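The next block holds one structure in the form of structure tokens; read it before the comments.
The values are calculated or read from the model by the stated rules, or taken from the named source; none is laboratory data. Here the structure is a predicted model, which is why all the values come from computation and not from measurement. Note that we place each Cβ from the backbone using ideal geometry, even for glycine, and neighbour counts take in every protein chain shown.
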Amino acid sequence: MSITVAIKGWFTRETSNEQLMLRYTKLRQRQVLAQLYENCGDDLYHFLLTLSDPELASDIAQQAWIKVIEKSHLYRPDGQFKSWLFTIGRRLLIDELRRQARYQYDEFDEQHHASPVFDNDDRLVRFNQILDDLPFHQREAFCLQQEGFSLAEISSICAAEQETIKSRLRYAKRKLNKALRTSQASEDFRYD
């Protein structure tokens with residue numbers, strides 16, 4: 001069986017998202033867009049979900065893909081397609097949150113938030129509740145870092161200086177550690 005997989009690899013070439021987007025821009029083929037969606041759709045939705053609710057995240061993700069279709073001619077292959085997609089999604093989300101008067105610029109909010117009360121021992125549930133309590137920009141930077149984006153890419157997506165992103169990450173990690181310690185979480189959750 002492993003020989004079959006190895007041989008198959010010789011004949012199939014992995015196409016990057018950047019190559020797919022360039023091909024979509026030129027040829028406008030549905031199957032190319034479908035492959036991009038397959039590669040990045042869940043990641044975009046989960047990122048938006050960390051910053052909003054499920055319904056809004058779904059709506060914004062759909063709007064982002066519509067923008068990819070409408071604005072494909074603006075894509076520049078000098079960066080990652082996923083960064084470009086997340087930038088579109090982020091901007092749409094912030095616009096919608098502003099429209100709904102739900103967006104608050106609370107970059108380095110140092111107020112003490114009440115520690116969440118946990119009625120079950122599920123670590124993931126605890127962690128997500130604590131993550132939701134972070135200010136928007138800190139949660140955003142932290143989630144982008146967890147998605148695997150570099151500091152430079154996060155800076156580009158968020159339209160902020162790298163030093164600002166470093167500060168957001170530092171504050172987010174500090175607050176996560178403090179909240180997790182006060183909720184008696186184990187050292188497994190420590191983010192440094």
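Brief remarks follow.
- For Ile66, the test of being more than 14 Å from Met21 (Cβ to Cβ), among the β-branched types (Val, Ile, Thr) and either surrounded by fewer than 20 Cβ atoms within 10 Å (Cβ to Cβ) or in the same structural domain as Gly148 (by TED's automatic domain parsing) (or both) is passed.
- Enumeration of residues in the range 122-144 that are basic (Lys, Arg) and buried (at least 20 other Cβ atoms within 10 Å of the Cβ): none
- When each of Thr25, Thr87 is tested for being part of a helix (DSSP H, G or I), touching a His at 6+ places or on another chain (Cβ under 7 Å) and at pLDDT 90 or above, the lone residue that passes is Thr25.
- Leu36 being exposed (fewer than 13 other Cβ atoms within 10 Å of the Cβ), aliphatic (A, V, I, L, M) and at pLDDT 90 or above: no
- For the range 69-99, filtered to residues that are over 26 Å from Phe127 (Cβ atoms) and aromatic (Phe, Trp, Tyr), the residue that is surrounded by the fewest Cβ atoms within 10 Å (Cβ to Cβ) is Tyr75.
- Residue, modelled with the highest pLDDT, within the range 45-59, restricted to residues that are out of contact with any Asp or Glu (no Cβ under 9 Å at 6 or more places or on another chain) and of a type in the set (D, E, K, R): Glu55
- Any chance Ile165 is under 30 Å from Lys71 (Cβ atoms), modelled with pLDDT under 95, out of contact with any Pro (no Cβ under 7 Å at 6 or more places or on another chain) and buried (at least 18 other Cβ atoms within 10 Å of the Cβ): no
- Sole exception among (1) at pLDDT 85 or above; (2) more than 13 Å from the chain's Cα centre (by Cα); (3) crowded, with 20+ Cβ neighbours inside 10 Å for Ala160, by number: (3)
- Filtering the range 47-61 to residues that are of a type outside the set (Gly, Ala, Ser) and surrounded by 13 or more Cβ atoms within 10 Å (Cβ to Cβ) leaves Phe47, Leu48, Leu49, Thr50, Leu51, Leu56, Asp59, Ile60.
- Residue match in the range 109-119 (condition: aliphatic (A, V, I, L, M), surrounded by fewer than 18 Cβ atoms within 10 Å (Cβ to Cβ) and at pLDDT 90 or above): no
- Scanning the range 141-157 for residues that are part of a helix (DSSP H, G or I) and under 11 Å from the mean Cα position of the chain (by Cα) returns Ala141, Phe142, Cys143, Leu144, Gln145, Gln146, Ile154, Ile157.
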